[in-house]
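Below is one structure; the comments refer to it alone.
Derivation of every value follows stated rules applied to the coordinates shown; laboratory data play no part. Predicted, not measured: the structure shown is a model, and the values here were computed from it. No Cβ is skipped: glycine too gets one built from the backbone with ideal geometry, and neighbour counts run over all protein chains shown.
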Amino acid sequence: MIALLVAVPLAFGFATVAFPKLSRYILPFVALFNLVLLLGFVHPSQVTEIGKWPAAYGIVLVLDNVSYPFLIFVNLILFALSISATYEDKLGVLLLVLTAALNGLLLTGDFFNSFVFLEIIAAVAYVLASQNKNSYAAFKYLIFGSVAGILYLIGVVSMYVYAGTLNMAYAGFVASPEYVQVAGILIVIALLVELKILPLGLWAPDVYSNGSTVTPVALGSAVTVAIFYLFSRIFFNILEPVKPMPVYVLSLISIVFAQLAAMKQKTLGRTVAYASIAGASTVMAVLSSGALGVEKIASAAYLYLFNEAISMFILFTIYGYLNHKGFKNNSVAGIAFSLASISLIGFPLTAGFWAKINLLTALFEAGDYILPAILLVATVIEAGYLIKWNVELWYVDDDSETEEMELPFGAQVVVLLFALALVIVGFMPDLVTAYTDKIASHIFDFKTYFDTIMKGGM
Amino acid sequence: MIYYIAFILFGIGLYGIVSQKNLFKQLVSLTIIDTAVNIFIVSLGYLHGAEAPIYSSVTPLANFVDPLPQALVLTAIVIGVGTLAVASMLLIHIHEEYGSVDADEIRAAKEVIE
C-alpha cells in the first residue's frame with residue numbers, strides 16, 4: 001500500500017504530460033490522497049518489497065516511526081503549495097514527479113534507490129529554478145548539484161564495495177565503521193550541497209530569489225526537510241557517524257556568514273534566501289554538534305526544522321506574490337508575514353520560541369556553549385533585518401501608479417493558516433514535540449530499523 | 001590500469017569545471033566526470049578472466065563478473081543524459097537571454113540589466 005505514495009503521483013505525472021492544464025488541477029488531489037492514505041490507511045511499521053525480492057537482495061520501501069511524520073509533513077507542504085502557488089500549467093507535471101520522488105526518498109531503504117530519487121528531485125529542481133528568466137542561476141545550481149550527485153553515487157558504490165549490499169539496514173549491520181568513512185564523507189559532502197550549507201550552497205541565493213511562488217517554497221521547505229531526513233537516516237540510524245567536527249565548524253561558519261549576508265541584502269527575496277541558508281545551517285550544526293545520540297537535542301533540531309520550513313513557506317510565498325509591495329492593501333499577507341517573522345526570531349508564544357529554547361537548553365545540558373552563543377548572536381542579527389523589512393513593508397509609500405498586487409484567495413488562506421499554526425504550536429508545543437520526540441527516540445535505534453526491514457528477509 | 005583512466009578523466013573534468021568561463025565547456029567537463037565515474041564503477045565489478053553475466057549453456061555460473069555495478073551504471077547513464085538535456089535547455093535559454101554563454105559576459109550583462 002505504501003508504494004502508492006510513489007506510484008500514484010508518478011502515474012498521474014506521466015498520464016498528464018500531454019495535458020499540462022489537467023496536471024495542475026490533479027496535483028492538489030494527489031497530495032490530498034497521499035495525506036489521507038498516510039493518516040487513515042497506513043501505519044508504521046510497514047515494509048514493501050519491490051518485485052517481491054526480500055531484503056537485502058531487493059529494494060524495500062520502509063514506513064517506520066521516523067519516515068512517517070516526515071512523510072505527513074512533506075505531503076502537507078506539497079498540498080499547501082498546490083493551493084497557494086501560481087505557476088505555468090506545465091509545471092504541474094514536474095510537481096507531480098517531485099511529489100513522487102520526495103515520497104520515494106523518504107520511504108526507500110536502498111542506497112542506490114535514494115540516489116535515483118535524489119537525482120529526480122534535482123532534475124525537477126533545476127527546471128523550477130529556471131523560472132522567471134533565471135536560467136543562469138539554475139545552470140550554476142545544476143553544476144553544483146550534478147557534482148554533488150556524482151559524489152553521492154561514488155559514496156553509494158563505495159558502500160556496496162565495503163558492505164556487499166545496497167540495502168541500508170544490512171549495510172549498517174555488516175559494514176565496519178572504519179571502512180565506510182570514505183563513503184560517509186562523500187555522501188555528507190553531497191548532502192551539504194543540497195542543504196545549501198555555505199560555501200557549498202552558494203547556488204541558493206540566486207535560485208531562491210527568482211520571485212517565483214513555487215521554486216523557493218518547494219526547494220526551501222519540502223526538499224530541505226526530505227534531505228535532512230536522509231541525512232539523519234544515514235548518519236544516525238544506519239552508519240556510525242562520520243567525525244562530525246568539520247561539518248559542525250562549517251555549519252557554524254555558514255550560520256554567521258548567511259546571517260551577515262542576509263542583513264546586507266537590498267531585496268527581500270535575497271534576504272529571505274540567506275535567512276533560509278542560516279536556518280538550514282543551524283539545523284545541520286545541531287545535528288553534527290558532537291552530542292550525537294542525545295535524543296533531546298535531535299528532537300529540538302527537528303522542531304527547529306518544522307518552524308523554519310513553515311516560516312520560510314510563508315515568507316517566500318508572500319515575497320513571490322507581492323515582491324516589495326507593502327501590506328497596506330494586503331493585511332492578511334502582512335499579518336502572516338509578521339507572525340512568520342516573529343516565529344523565526346523566536347518571540348515567546350510562537351513555535352520558534354520553543355524551537356530555540358529547547359535547542360539552547362539541550363545544548364547547554366550537553367556542555368556545548370559555542371553553538372548557543374552563535375545562535376544567540378545570529379538571532380539578534382535576524383531580528384534586526386526581519387524587523388526592518390516588516391517596518392518597511394507595513395509603512396511603504398505605495399505610489400498609486402504602480403500595478404496593484406495581491407495574494408489570491410487560496411494563498412491567503414494557506415499563509416494565514418500556517419501562521420496561525422505557528423502561534424498555536426507556540427501555545428501548545430506538545431502538538432509537534434510529540435512527533436519530534438518520537439522521531440528522536442527512533443532515529444538512534446538501529447536494531448528496530450534492522451528488524452523491521454529484515455522481517456521475512458535474510 | 002582502468003582505474004587510472006577513470007582518475008585522469010575525473011581530474012580533467014574537475015579542472016574544466018573550475019577553470020573554464022564558457023558554460024558549454026563546463027557542461028562538457030561535467031559529462032567527462034560522469035563518464036569517469038561510470039568507468040570506475042564498471043571496473044569495480046570486473047574480474048580478470050571472468051565471463052559476462054549472461055546465463056547460457058556455455059557460460060559457467062560461478063565465473064561471472066559482478067553484474068550489479070553494470071546495472072548501476074546503466075541507470076547512472078540514463079540519469080546523466082537527463083541532466084545533460086536539462087543543462088542544454090538552460091544554456092539555450094541563457095544564450096537567448098544574454099547573447100552569450102561566457103560567465104564574465106553574462107555577469108556584465110546582468111549588471112547592466114540591474
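For chain A, take the convex hull of the Cα atoms, compute a quarter of its surface area, and give me that in nm², please.
Projected over every direction and averaged, the Cα hull of chain A covers 19.9 nm².
Going through the DSSP H helices of chain B, which span 20 Å or more along their own axis at the Cα atoms while scoring at least -1.0 as a mean Kyte-Doolittle hydropathy?
Values: long enough: B:2-19 (26 Å, 1.99); B:23-44 (32 Å, 1.63); B:67-98 (46 Å, 1.32).
Those that pass (Cα extent of 20 Å or more, hydropathy at least -1.0) are B:2-19, B:23-44, B:67-98.
Cα gyration tensor of segment A:63-170, axes a ≥ b ≥ c as square roots of the eigenvalues: rounded (a/c below 1.5), prolate (a/b > b/c) or oblate?
oblate
Using only Cα atoms, find the angle between the long axis of helix A:135-163 and the longest principal axis of chain A, and express it within 0 to 90 degrees, rounded to the nearest 10.
That works out to roughly 20 degrees.
Under the √(5λ) rule applied to the eigenvalues of the Cα gyration tensor, what semi-axes describe the equivalent ellipsoid of segment A:172-329? Give them in Å, descending.
Ellipsoid semi-axes (Å, largest first): 31, 15, 13.
With N set to the residue count of segment A:339-456, report its C-alpha Rg divided by 2.2 N^0.38 Å to two decimal places.
Relative to the 2.2 N^0.38 Å estimate, segment A:339-456 comes out at 1.49.
For a test of the definition: using alpha carbon positions, the gyration tensor, and the 1.5 limit on a/c, classify segment A:221-283 as rounded, prolate or oblate.
Judged from the Cα gyration tensor, segment A:221-283 comes out oblate (a/c at least 1.5, b/c at or above a/b).
Restricted to Cα positions, what overall size does segment B:46-107 have along the principal axes? Three whole-Å values, descending.
Principal-axis extents of the Cα atoms in segment B:46-107, largest first: 60, 19, 14 Å.
Mean 1/r over all different Cα pairs, inverted: what Kirkwood radius does segment A:15-61 give, in Å?
13.2
What's the long-distance tail for segment B:1-103, i.e. % of Cα pairs beyond 19 Å?
Pairs farther apart than 19 Å: 56 percent.
When the helices in chain B are scored as -39500 (n - 2.57) per DSSP H run of 4 or longer and the sum is shared across all residues, what 222 nm value do you end up with, to the nearest 500 deg cm²/dmol?
The per-residue figure over chain B is -25000 deg cm²/dmol.
List every residue whose amide H lies under 5 Å from the amide H of B:ASN22, counting only residues 5 or more places away in sequence or on a different chain, with H placed 1.01 Å from N in the peptide plane.
Distant-sequence amide H within range of B:ASN22: B:ALA103.
With axes computed from alpha carbons, what is the tilt in degrees of helix A:370-394 against the longest principal axis of chain A, rounded to the nearest 10 within 0 to 90?
40
Tell me what chain A gives for mean residue ellipticity at 222 nm when only DSSP H runs of n ≥ 4 count, each as -39,500 (n - 2.57), the sum divided by the residue total, rounded to 500 deg cm²/dmol.
Calculated mean residue ellipticity at 222 nm is -22500 deg cm²/dmol.
What are the ³J(HN,Hα) values, in whole Hz, obtained from phi via the Karplus relation 6.51 cos²θ - 1.76 cosθ + 1.60 with θ = phi - 60°, for each residue of segment A:86-95 in sequence order, with x given for Gly and Pro?
Result, ordered by residue: 10, 8, 5, 3, 5, 5, x, 4, 4, 5 Hz.
Which shape class applies to segment A:34-103: rounded if a/c is under 1.5, otherwise prolate when a/b exceeds b/c and oblate if not, where a ≥ b ≥ c are the square roots of the Cα gyration tensor eigenvalues?
The shape class here is oblate.
Under Stokes-Einstein, with the Kirkwood radius over Cα pairs standing in for Rh, what whole-number D in µm²/s applies to segment A:116-246 at 20 °C and 1.002 mPa s?
Details: Rh = 15.3 Å.
D = 140 µm²/s.
List, in order, the whole-Hz ³J(HN,Hα) value for each residue of segment A:190-202 obtained from phi through the Karplus relation with A = 6.51, B = -1.76, C = 1.60 and θ = phi - 60°; use x for Gly and Pro.
With coefficients 6.51, -1.76 and 1.60, one gets 4, 6, 5, 5, 5, 8, 6, 7, 5, x, 6, x, 5 Hz.
Using only the alpha-carbon atoms, how far is helix A:409-427 inclined from the longest principal axis of chain A? Give it as 0 to 90 degrees, nearest 10.
70
Under a Cβ-only charge scheme (Lys and Arg +1, Asp and Glu -1), can you give me the dipole magnitude of the protein assembly as shown about the Cα centre, in debye to the nearest 20?
On the way: 24 positive and 37 negative charges, 68 e Å.
Dipole magnitude for the protein assembly as shown comes out near 320 debye.
When N counts the residues of segment A:181-252, how does its alpha-carbon radius of gyration compare numerically with 2.2 N^0.38 Å, as a ratio?
1.20
Which order do A:ILE310, B:ILE106 fall in if you start with the one that has the fewest other Cβ atoms within 10 Å?
Fewest-to-most ranking of A:ILE310, B:ILE106: B:ILE106, A:ILE310.
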